[in-house]
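Scroll down for the structure; my scribbles are underneath it.
The values are calculated or read from the model by the stated rules, or taken from the named source; none is laboratory data. These numbers were taken from a predicted model, which means no experiment stands behind them. Methodologically, a virtual Cβ is constructed for each residue, glycine included, from the backbone with ideal geometry; neighbour enumeration extends over all protein chains shown. Side chains included, ligands, DNA and RNA excluded: accessible areas come from the protein's heavy atoms. Shrake-Rupley method; radii C 1.70, N 1.55, O 1.52, S 1.80 Å.
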Amino acid sequence: VRWMMYWIVFALFMATETFTDILIAWFPFYYEVKMAFVIWLLSPYTRGASLLYRRFVHPTLARKEK
């Protein structure tokens, strides 16, 4: 379940980054912040992907479900 949450959150992040990369890639330390975010998502200590999934993704999917 933990990996499912990670891959769903990561896929949503990559999908949004595809469109926003052109606009925000010129910010200083953009790639470093992006790498730190992915490490935060993966870390078993912070459980970032689980946090984002349970707080944002799951409620959105539950509202759309009939």
Quiz item: Across 5 Å bins from the origin, how do the percents of Cα pairs in the chain run, short distances first?
Solution: 4, 16, 23, 23, 17, 12, 4, 1, 0
Quiz item: Taking only protein heavy atoms and a 1.4 Å probe, what accessible area per residue, in Å², does segment 1-62 have with all protein chains in place?
Solution: 77
Quiz item: To the nearest 10 degrees, how steeply does helix 2-24 sit against the main Cα axis of the chain, on a 0 to 90 scale?
Solution: 40
Quiz item: If you place +1 on the Cβ of every Lys and Arg and -1 on the Cβ of every Asp and Glu, how big does the dipole about the Cα centre of segment 1-62 come out, in debye to the nearest 20?
Solution: 340
Quiz item: At Phe19 and Phe37, where each label point lies 7 Å from the Cα along Cα→Cβ, what is the point-to-point distance in nanometres?
Solution: 1.5
Quiz item: Measuring from centroid to centroid over Cα atoms, what is the spacing of segment 19-53 and segment 1-15 in Å?
Solution: 12
Self-check item: Accessible heavy-atom area order of Trp7, Trp40, Trp26, highest first, probe of 1.4 Å
Solution: Trp26, Trp7, Trp40
Self-check item: Folded to 0 to 90 degrees: helix 30-42 orientation relative to the chain principal axis, Cα
Solution: 30
